[in-house]
Amino acid sequence: MKVKQLSVFLENKPGALSRPVQRLAKAKLNILALSVADTQQFGILRFIVQDWEKAMSLLEQDGFVVKVTDMVAIEVADAPGGLAAILSALEPTRVNLEYLYGFTEQTAGKGLLVFRFDDPDRAIEALQKKGINPAGAVALFKGLGG
């Protein structure tokens, strides 16, 4: 039910993002979802790949600082209220949503949202009680051509 995300810390300067992305491309590791955040001094590249262990190993060999995080991917209808239903299911639990990013599936009318919760297991339990089932890694990668 949880999906592994890698976070790579980068200097905030021209070309810094290119190096890890080129390394993954050279190893034929497809980035399925990503987010880039920045501050004045550094940036964080967050991404999901199918073979996260290989990606982490390659990037660490190249001197990058890499962190692994458990994420929860949830399929959502591409319609008004999709995200609202997910958030409503979580409100009673007081689970903190730290950040999220979204991407589309190849299936028409659907997308996936990837959530970082302070307590992913409790979030999954609350979602399932409301009939919202997180996407498993196999379904996630199959739906995205990985």
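The values are calculated or read from the model by the stated rules, or taken from the named source; none is laboratory data. All of these numbers come straight from a predicted model, not from anything done at the bench. Virtual Cβ from ideal backbone geometry, glycine too; neighbours counted across all protein chains shown. Only protein heavy atoms, including side chains, enter the accessible area calculation; ligands, DNA and RNA are left aside. Shrake-Rupley method; radii C 1.70, N 1.55, O 1.52, S 1.80 Å.
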Legend entry - Within straight-line cross-link reach of Lys2, aspartates and glutamates at Cα separation under 16 Å, skipping those fewer than 8 residues along the same chain: Asp51, Glu53, Asp70, Glu75, Glu98, Asp118, Asp119, Asp121, Glu125
Legend entry - Lys130-Gln40 pseudo-label distance in nm [points 7 Å out on the Cα-to-Cβ vector]: 3.9
Inset, instruction - Using DSSP, restrict attention to beta bridges with both residues in region 1-131 and report what percent are antiparallel, rounded to the nearest 5. - result: 100
Inset, instruction - Quickly estimate the mean residue ellipticity at 222 nm for the chain, helices only: each DSSP H run with n ≥ 4 gives -39500 (n - 2.57), and the total goes over all residues, rounded to 500. - result: -8500 deg cm²/dmol
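I'd like to compare 84-91, 114-121: which one has the highest average count of other Cβ atoms within 10 Å, and what's the full order after that?
On the way: 84-91: 14.6, 114-121: 18.4.
Order by mean packing, descending: 114-121, 84-91.
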Inset, instruction - Taking 7 Å along the Cα-to-C-beta vector as the label spot, tell me the Thr93-Val65 distance in nanometres, rounded to one decimal. - result: 3.0
Inset, instruction - Using the heavy atoms of the protein chains and a 1.4 angstrom probe, tell me the accessible area per residue for the chain in square angstrom. - result: 56
Legend entry - Pairwise label distance in nanometres, Ala79 with Glu11, each label 7 Å out on the Cα-Cβ vector: 5.0
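Among the listed pairs Lys67/Lys129; Lys67/Lys130; Lys13/Lys67; Lys28/Lys130; Lys4/Lys26; Lys67/Lys110, which are separated by more than 27 Å between their Cα atoms?
On the way: Lys67/Lys129 30 Å; Lys67/Lys130 31 Å; Lys13/Lys67 21 Å; Lys28/Lys130 38 Å; Lys4/Lys26 21 Å; Lys67/Lys110 29 Å.
Pairs exceeding 27 Å: Lys67/Lys129; Lys67/Lys130; Lys28/Lys130; Lys67/Lys110.
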Inset, instruction - For the chain, build the charge dipole from Cβ charges (+1 Lys, Arg; -1 Asp, Glu) around the Cα centre, then report which of Pro14, Ala37, Leu112 sits farthest towards its positive end. - result: Pro14
Inset, instruction - Quick one: check the C-alpha center-to-center distance for region 7-29 versus region 60-129, whole angstrom. - result: 24
Legend entry - Answer label, with semi-axes √(5λ) of the Cα gyration tensor in Å calculated from the coordinates and candidates (1) 25, 22, 14; (2) 28, 17, 14; (3) 23, 19, 14: (2)
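Can you tell me, using C-alpha contacts under 8 Å and at least 6 residues apart, the relative contact order of the chain as a whole percent?
On the way: 251 pairs, mean separation 40.6, N = 146.
28 percent.
Taking square-rooted eigenvalues a ≥ b ≥ c of the alpha carbon gyration tensor, is region 1-71 rounded, prolate or oblate, where a/c under 1.5 means rounded and, failing that, a/b exceeding b/c means prolate?
It is oblate, given that a/c is not under 1.5 and a/b is not larger than b/c.
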